[in-house]
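The values are calculated or read from the model by the stated rules, or taken from the named source; none is laboratory data. Everything numeric here is computed off the predicted structure, so don't read it as measured data. Heads up, the Cβs are rebuilt from the backbone with ideal geometry, glycines too, and the neighbour counts pull from every protein chain shown. Heavy atoms of the whole protein, side chains included, go into the accessibility calculation; ligands, DNA and RNA do not. Shrake-Rupley method; radii C 1.70, N 1.55, O 1.52, S 1.80 Å.
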Amino acid sequence: MYGLVAPMTPQKSDSPRLRLRDYATHALRLTIVVAAYYGSAKLGLEQQLVRGQVTPFWPPTGIALVALLMWGLRMWPGIAIGAFVVNAPLGPSILPVLAIVAGNTIAPVCACLLLRRVRFRLALDRLQDALALVFLGALCGMLISATIGTGVLVASEALTAGDFWPTWSVWWTGDAMGVLVIAPLLLAARTLRRPHDVPLLRWAEAAALLAGTTAASIVATRSPLNLLFLVVPFLIWAAFRFQLQGAAPCALITSVVAIIAGAADVGPFSGQDLLAKMVILQAFNGTVALTCLLLSATIAERNHTVRALREACERLTEALSRLVPDQPLNHHATLHMEDHKDNK
């Protein structure tokens, strides 16, 4: 029988077509990364504080990290090209520009490797994932780009040695905020689906949340009084009611408003030197990001546990009904399961 049947061989006609499709997909993704990096960098440079290129909010780092997490380390050339196109007109000469580009590329790559090391999940539905993104992806990973970039500017005499730490603080704050604010927003956006049968009251609540967050952020960052705590209730509201899909936009609104206030030297940032201003801004935005990420991840974990318990109760009920088909379930057990469902 074996001799009468020809062995199956893989069809080679589709192989070049598949490879071509892979190359086209990879090229398209690289193009998206370059375009998103360049466009977001132009927005970030609107709030530059040092030499026209160091800003307290650098969205490209969040875009670069998400691209690496979603599409793999093969995306690093897109990050490097985007960083070069942005920094080439700003750098003092070609060698410092190349060093800055290298730092801007290595930092998100290292952050991605650190997150992979701890088995980071893109859903951000676990507390450990939120903590990993904050401490490994943002605060630790972005030390590389800030240190290389500032060191290169000092070495090339574009900055004085006394400007190292103030410039470094702005650079590190900007790159870290790009990860803390933009990365959760993009990761939340990838899970969005077209809403079906969403009650009108739910839309009204979301609109009220965004409007209230914007108003509270403006008041908190523009008032001469220390009112930064006003935004916290809105962040808690967003995390409890909408999880990451609601908390991430609120964190973006709050952080952007605070960064604009810091650049304008108003509110709690008025009269502060550059280093003190960055400390206040980093502490505030870090608190905002931590509140949103940790609360939304904790609530997502709780919801997942509740769903698992509910499914286990349903399977147990079905199994008991099959074992004893002629006898109803214990009345107290049934009431307990119904109460459990009502409470959740």
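Results, tabulated for the structure shown:
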{"item": "Given (1) open to solvent by 50 Å² or more (accessible area, probe 1.4 Å); (2) free of Cβ contacts under 8 Å to residues at least 60 places away in the same chain; (3) within 30 Å of L192 (Cβ to Cβ); (4) not aromatic (F, W, Y), index of the condition M70 fails", "result": "(2)"}
{"item": "Residues satisfying the stated conditions in the range 54-69, i.e. modelled with pLDDT of 95 or more and either small (G, A, S) or over 15 Å from A36 (Cα atoms) (or both)", "result": "G62, A64, A67, L69"}
{"item": "Restricting the range 291-306 to residues that are free of Cβ contacts under 8 Å to residues at least 60 places away in the same chain and out of contact with any Lys or Arg (no Cβ under 9 Å at 6 or more places or on another chain), the residue that is most open to solvent (accessible area, probe 1.4 Å)", "result": "R302"}
{"item": "Residue in the range 82-105 that is out of contact with any Pro (no Cβ under 9 Å at 6 or more places or on another chain) and within 21 Å of L281 (Cβ to Cβ) present", "result": "no"}
{"item": "Neighbours by Cβ (under 7 Å, 6+ apart or cross-chain): first from the range 14-35, at pLDDT 85 or above; second among the small types (G, A, S)", "result": "L30/G78; V33/A67; V33/G78; V33/G82; V34/G78; V34/G82"}
{"item": "Some residue of the range 132-141 being touching a residue at least 60 places away in the same chain (Cβ under 8 Å) and not aliphatic (A, V, I, L, M)", "result": "yes"}
{"item": "Selection count, the range 182-229, where residues are basic (K, R), within 22 Å of the chain's Cα centre (by Cα) and surrounded by 10 or more Cβ atoms within 10 Å (Cβ to Cβ)", "result": "1"}
{"item": "Restricting the range 273-293 to residues that are in a helix (DSSP H, G or I) and of a type outside the set (A, V, I, L, M), the residue that is nearest to L185 (Cα to Cα)", "result": "C292"}
{"item": "Only one of A41, A80 that is assigned to a helix (DSSP H, G or I), among the small types (G, A, S) and at pLDDT below 95", "result": "A41"}
{"item": "Residue list for the range 270-286, filter: touching a residue at least 40 places away in the same chain (Cβ under 8 Å) and either open to solvent by 60 Å² or more (accessible area, probe 1.4 Å) or farther than 20 Å from L127 by Cα (or both)", "result": "S270, D273, L274, L275, M278, V279, L281, Q282, F284"}
{"item": "Filtered residues of the range 83-104 (kept if assigned to a helix (DSSP H, G or I), hydrophobic (A, V, I, L, M, F, W, C) and either over 13 Å from V34 (Cβ atoms) or open to solvent by less than 50 Å² (accessible area, probe 1.4 Å) (or both))", "result": "A83, V86, I94, L95, V97, L98, A99, I100, V101, A102"}
{"item": "Of all residues in the range 106-136 being in contact with a Gly (Cβ under 9 Å, 6 or more places away or on another chain) and surrounded by 23 or more Cβ atoms within 10 Å (Cβ to Cβ), the one that is farthest from V170 (Cα to Cα)", "result": "C112"}
{"item": "Given (1) open to solvent by 40 Å² or more (accessible area, probe 1.4 Å); (2) at pLDDT below 85, number of the condition V50 does not satisfy", "result": "(1)"}
{"item": "Count of the range 146-181 residues which are modelled with pLDDT of 90 or more, open to solvent by less than 20 Å² (accessible area, probe 1.4 Å) and over 19 Å from F135 (Cα atoms)", "result": "3"}
